[in-house]
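Here is the structure we will look at.
The values are calculated or read from the model by the stated rules, or taken from the named source; none is laboratory data. All figures in this text were calculated on a predicted structure; none of them were measured in a lab. All Cβ positions, glycine included, derive from the backbone under ideal geometry; neighbour counts span all protein chains shown. Calculation scope for accessible area: heavy atoms of the full protein, side chains included, ligands and nucleic acids excluded. Shrake-Rupley method; radii C 1.70, N 1.55, O 1.52, S 1.80 Å.
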Amino acid sequence: MPKPNLTHRSWAEPYKIKVVEPVRMTTREYRERAIAEAGYNTFLLRSDDVYIDLLTDSGTNAMSDRQWAGMMIGDEAYAGSRSFYHLEETIRRFYGYQHVVPTHQGRGAEHIISQILIRPGDIIPGNMYFTTTRVHQELAGGKFVDVIIPEAHEPASEHPFKGNVDLGKLEEVLRSNPGRVPYVSVAATVNMAGGQPISLANLRAVRDLTRRHGVLLILDATRVAENAYFNQQRECAWPIARIVHEICSLTDGCTMSAKKDPLANIGGFLALNDEGIAEKARNMVVIYEGLHTYGGMSGRDMEAVAIGIEESVSDEHMHARIGQVQYLGEKLHRWGIPIVLPIGGHGVFLDARAFLPNVAQELCPAQSLAAAIYTDSGVRSMERGIVSAGRDPETGEEHKPRLELVRLAIPRRVYTQAHMDVTAESILSVYTERDRIGGLKFVHEPKYLRFFQARFAPVPVAKEEAAEKRTSPLTVL
Ligand code: F0G
């Protein structure tokens with residue numbers, strides 16, 4: 001027997017489990033049918049048919065006993081709810097913004113800020129697009145311009161802050177479009193780049209630039225505490241709570257999806273420092289979301305979000321949260337499976353171009369890989385490639401992103417290390433059989449955010465190739 005290594009100490013989650021929810025394993029034949037019925041789109045599967053659900057970390061968090069207790073004392077008053085004031089006070093304390101406009105979720109806040117600040121023809125630079133953020137900018141008449149550093153588009157680049165803004169590019173956009181840039185949009189972390197962080201140093205430089213050009217800086221704070229964890233590990237050793245506050249203080253306001261970092265199942269808000277903009281937002285929220293003291297959330301939701309915000313900035317929580325993501329990513333990386341490096345904050349992103357080099361981008365390799373993983377084990381993941389990127393609203397042409405990824409997003413506090421092992425082993429199994437996987441083509445393409453509801457059909461590959469390869473619904477006939 002090998003001697004135990006006495007210098008190694010494992011870490012564990014800073015909680016124990018009080019309630020469990022059964023999950024269901026199915027047969028391969030069952031899953032083949034389920035994914036075909038879902039049009040090879042993992043968004044269209046029934047969750048009852050999913051074994052380990054890594055579709056998203058959004059709204060899928062396990063709440064703490066304190067959050068559940070908060071649900072019981074939520075104040076459901078239509079106006080002036082005590083729970084709103086608790087939320088407002090929490091946001092002021094942890095993020096530092098003065099004015100809070102609650103919304104039903106993140107995109108509600110994106111809608112309001114886009115309608116207030118963007119005029120037709122405006123340009124909004126940002127560190128890579130996010131699907132809902134960009135569509136709201138476009139619906140308000142604006143055009144998103146990507147100013148993220150080039151390393152963000154390279155899955156194998158190990159730059160520690162792939163969410164950084166390319167300052168030269170941003171300055172150029174600001175200089176050549178005077179009066180046409182209402183604000184710069186900065187996300188922490190950057191979802192579409194693989195959950196990659198922006199550095200404090202870079203954010204300070206962006207702040208200086210926007211000040212000099214008299215342009216607002218709006219943060220997408222959806223995963224700001226995860227960003228702060230990376231800042232703490234790679235840049236400065238402050239507590240996460242202090243870094244979160246610092247990031248927010250460098251910006252003029254934020255949109256927030258409380259379904260991610262704040263550990264809730266629903267909710268969001270727009271937070272601002274400028275009273276004039278906040279007044280406009282309070283005016284708009286009553287049209288689209290609800291009164292300015294609930295904005296689409298119930299009182300109990302606002303309690304859960306307020307308590308979740310406080311829990312989300314704990315160093316112990318974040319160590320375990322990102323530690324679990326790293327555990328899965330390191331395992332896959334050790335086995336030689338191509339993933340985005342460094343491993344991101346909210347999930348592990350498979351590099352579908354490298355995984356399936358024989359599937360052309362037009363045949364949606366990441367969509368195809370997500371369907372293959374589901375078929376193998378019931379693990380549900382999500383495409384983040386050409387399907388998510390959609391079309392240019394002016395030309396109708398498909399965006400062809402350099403990143404063609406499958407995201408394994410890890411819900412917070414939901415799964416165990418054993419679930420991560422099962423997931424990793426399934427991906428290894430799909431990797432060893434990757435030659436069997438063919439492409440997919442659209443059979444139904446919705447106009448907006450097409451990835452949510454699109455349907456696909458398998459595409460036959462060339463005859464001589466197909467002859468050598470076995471058939472499966474995902475592959476090829
Ligand atoms: N910003 C980012 C960076 C996001 O990841 C999301 C949602 C939103 C805004 C919109 O927030 O869903 O509350 O309206 N991302 C989810 C995901 C859908 O799976 O990554 P929402």
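Numbers at a glance
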| quantity | calculated |
| --- | --- |
| Qualifying residue in the range 368-389 (condition: assigned to a loop (DSSP other than H, G, I, E, B) and surrounded by fewer than 24 Cβ atoms within 10 Å (Cβ to Cβ)) | no |
| Close pairs from the range 106-133: first over 26 Å from A205 (Cβ atoms), partner within 8 Å of the ligand (Cβ to nearest atom) and modelled with pLDDT under 95, Cβ under 6 Å, at least 6 apart | none |
| Residue within the range 152-162 that is over 30 Å from V348 (Cβ atoms), away from the ligand (no atom under 14 Å from the Cβ), open to solvent by 40 Å² or more (accessible area, probe 1.4 Å) and not assigned by TED's automatic domain parsing to the domain that holds V348 present | no |
| Residue in the range 296-311 that is over 24 Å from N265 (Cα atoms) and in a loop (DSSP other than H, G, I, E, B) present | no |
| Meets criteria (away from the ligand (no atom under 12 Å from the Cβ), under 20 Å from L87 (Cβ atoms), in contact (Cβ under 8 Å) with a residue 40 or more places away in the chain and in contact with a His (Cβ under 6 Å, 6 or more places away or on another chain)) for L272 | yes |
| Qualifying residue in the range 221-228 (condition: modelled with pLDDT of 95 or more and either closer than 22 Å to I123 by Cα or of a type in the set (S, T, Y) (or both)) | yes |
| Count of residues meeting criterion [surrounded by fewer than 23 Cβ atoms within 10 Å (Cβ to Cβ) and touching a residue at least 60 places away in the same chain (Cβ under 8 Å)] in the range 236-247 | 3 |
| Boolean, E279 is of a type in the set (D, E) and in contact (Cβ under 8 Å) with a residue 12 or more places away in the chain | no |
| Residue count for the range 50-107, restricted to those that are open to solvent by 60 Å² or more (accessible area, probe 1.4 Å) and assigned to a loop (DSSP other than H, G, I, E, B) | 6 |
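Matching residues to (1) touching a residue at least 60 places away in the same chain (Cβ under 8 Å); (2) away from the ligand (no atom under 16 Å from the Cβ); (3) assigned to a strand (DSSP E or B); (4) of a type outside the set (S, T, Y):
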residue	(1), (2), (3), (4)
P393	yes, yes, no, yes
R412	yes, no, no, yes
A418	no, yes, no, yes
V422	yes, yes, no, yes
